[in-house]
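Novice: Following this message is one structure expressed as structure tokens.
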């Protein structure tokens, strides 16, 4: 894989996606193209890896800024049982992390081969 003109060795799809997303997170767009023969389980696995790469980066930044995982903050913010005072605090933090690492994902038209 070439990243900013340098060869980079990656061992997993998530590691590759994480490297790409952290390079210029506001400009990173993950595009997925599959063919009609792709098994549904494979399709879902790939999507889960992409979401996982975003969550890895968001968790790392949230830990650095707030000493808490992004996924935990987001879950608490979306939980209807969370107190409004805590939701108000979490809203700004969750949005800040989402703005730093926006999730831009597109799916190209499915091909026949």
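The values are calculated or read from the model by the stated rules, or taken from the named source; none is laboratory data. The shown structure was predicted, so the numbers you read here are calculated from the model rather than taken from an experiment. Note that we place each Cβ from the backbone using ideal geometry, even for glycine, and neighbour counts take in every protein chain shown.
Novice: Quick one: is residue 74 within 18 Å of the chain's Cα centre (by Cα), in a helix (DSSP H, G or I) and modelled with pLDDT of 95 or more?
Specialist: Details: within 18 Å of the chain's Cα centre (by Cα): yes; in a helix (DSSP H, G or I): yes; modelled with pLDDT of 95 or more: yes.
Spelling it out, residue 74 is indeed within 18 Å of the chain's Cα centre (by Cα), in a helix (DSSP H, G or I) and modelled with pLDDT of 95 or more.
Novice: Being part of a loop (DSSP other than H, G, I, E, B), surrounded by 12 or more Cβ atoms within 10 Å (Cβ to Cβ) and modelled with pLDDT of 75 or more is true for just one of 80, 102, 25. Which residue is that?
Specialist: Answer to the selection: 102.
Novice: List the pairs whose first member sits in the range 35-58 and is at negative phi, whose second member is modelled with pLDDT of 85 or more, and whose Cβ atoms are under 7 Å apart, counting only residues at least 6 apart or on separate chains?
Specialist: Note: pairs meeting the criteria are 54/101; 54/103; 55/70; 55/71; 57/101; 58/70; 58/97; 58/101.
Novice: Cβ-Cβ under 9 Å, sequence separation 6+ or interchain: first residue in the range 89-113 and over 30 Å from residue 65 (Cα atoms), partner at pLDDT 80 or above and part of a loop (DSSP other than H, G, I, E, B). Which pairs?
Specialist: If the second residue must be at pLDDT 80 or above and part of a loop (DSSP other than H, G, I, E, B), the pairs left are 110/36; 110/38; 111/36; 112/36; 112/37; 113/36; 113/37.
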